[in-house]
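Asker: Provided herewith is a single structure, encoded as C-alpha cells, for subsequent inquiry.
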Amino acid sequence: MTAKADAVQKYTDDILTKEQAEELMMNPTNLGILTMAQRASFLWQYAEALGVDPKTKPFDLIPGQNGKLIIYANRACSDQLRQKHKLTIQELYSGPLQVGDEIRKDVWITKVRVSSPDGRSEDHVGGVGVDGLVGESYANAIMKCATKATRRATIAFCGLGMLDETEVGFAAAPGAQPTLTAALPEATPQAVQPKIISAKPLPAAAPPAKV
C-alpha cells in the first residue's frame, strides 16, 4: 500500500480528532487527500489553535503547485491577530514604485511598519499593478495594496510564515480571484463554510471530536 493510500485510510471520519488535526498542522502537505468535510474540520481546529474565531472563516485553501492545497490566512485572520497581540500598523509610504531614480507608475506599493507593545517592529511592503487603471478601479487597487501590506505584515510578525496568493502562483489560476475581505456568518458552527478556490463549496465545519 502506498503512503498516500495509508494516509487516506487514516482519515475516515468527517470530523478529525484533535490528534489528527495536530498531525496535519505539522505536515499540511496532506490536505489534498482530505474530503471537503475533513478540510472544514481541519480549518476549524487550525483557527482554534491560533486563537482566532473559526466562525469568522479566517482561512481559505488555495491550490498551489502540483495540486497541493495552501492554507491562506485572509483579512479576517489578520484583523483578529492584530487585536489579539495588540499590534499597531503605521503606513510609511504609499505611492508609485521607485527603483533608483526611476519611478514605475504602473506599480503601486504600500510600506507599513507593524509594532508590538514590547517595542518590537518590522517593516513590510505590499504591491499591486495599476497600469491602465482609472477612477474607481484605480482607487480600489490602492486600497487593496494597503490591505495586502497590512495583512502580510501581520502574518509575518506573528510568525505564521504563510505565502500570499501571488507567491503560490494563485494569479495564474484561470478566473480565480482572491477575497481579502470576509463577511461574518451567523455565529454557529453550522454556518461556517470555509472557502476553497476552484472547487465545490465545503460542507459546514464542526468543532473537533472529543477523544
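The values are calculated or read from the model by the stated rules, or taken from the named source; none is laboratory data. The structure presented is a predicted model; accordingly, all values stated were derived computationally and were not measured. Note that we place each Cβ from the backbone using ideal geometry, even for glycine, and neighbour counts take in every protein chain shown.
Asker: Do we find a residue being part of a loop (DSSP other than H, G, I, E, B) and either over 30 Å from A141 (Cβ atoms) or in contact (Cβ under 8 Å) with a residue 24 or more places away in the chain (or both) anywhere in segment 90-109?
Answerer: no
Asker: What are the residues in segment 69-120 that are more than 18 Å from A146 (Cα to Cα), among the polar types (S, T, N, Q) and crowded, with 16+ Cβ neighbours inside 10 Å, if any?
Answerer: Matches in segment 69-120: none.
Asker: Follow-up. Filter segment 46-68 for residues that are farther than 19 Å from R152 by Cβ, surrounded by fewer than 21 Cβ atoms within 10 Å (Cβ to Cβ) and not polar (S, T, N, Q) and give the result.
Answerer: Correct list: E48, A49, G51, D53, K55, P63, G67, K68.
Asker: G169: at pLDDT below 95 and touching a helix residue (DSSP H, G or I) at 6+ places or on another chain (Cβ under 7 Å), yes or no?
Answerer: Taking the combined requirement at face value, the residue satisfies it.
Asker: Sort out which residues of segment 121-165 are surrounded by 13 or more Cβ atoms within 10 Å (Cβ to Cβ), assigned to a loop (DSSP other than H, G, I, E, B) and out of contact with any helix residue (DSSP H, G or I) (no Cβ under 7 Å at 6 or more places or on another chain), and write them in order of number.
Answerer: Those that are surrounded by 13 or more Cβ atoms within 10 Å (Cβ to Cβ), assigned to a loop (DSSP other than H, G, I, E, B) and out of contact with any helix residue (DSSP H, G or I) (no Cβ under 7 Å at 6 or more places or on another chain): L160, L163.
Asker: K57 - would you say it is closer than 29 Å to A149 by Cβ, at pLDDT below 95 and in contact with a Pro (Cβ under 7 Å, 6 or more places away or on another chain)?
Answerer: Details: closer than 29 Å to A149 by Cβ: yes; at pLDDT below 95: yes; in contact with a Pro (Cβ under 7 Å, 6 or more places away or on another chain): yes.
It is true that K57 is closer than 29 Å to A149 by Cβ, at pLDDT below 95 and in contact with a Pro (Cβ under 7 Å, 6 or more places away or on another chain).
Asker: Let me ask something else. Exactly one condition in (1) at pLDDT 90 or above; (2) within 17 Å of C77 (Cβ to Cβ) is not met by Q193; state its number.
Answerer: It is condition (1) that Q193 fails.
Asker: Separate question: In the list I103, I62, which residue meets the criterion of being touching a strand residue (DSSP E or B) at 6+ places or on another chain (Cβ under 6 Å) and under 22 Å from L31 (Cα atoms)? Quick ask: steps written out before the conclusion?
Answerer: Numbers: I103 fails: under 22 Å from L31 (Cα atoms).
From the options I103, I62, the qualifying one is I62.
Asker: Now, a different point. Looking at the structure I just gave you, is T181 at pLDDT below 95, of a type in the set (V, I, T), assigned to a loop (DSSP other than H, G, I, E, B) and under 21 Å from Q65 (Cβ atoms)?
Answerer: Working: at pLDDT below 95: yes; of a type in the set (V, I, T): yes; assigned to a loop (DSSP other than H, G, I, E, B): yes; under 21 Å from Q65 (Cβ atoms): no.
No: the conditions fail for T181.
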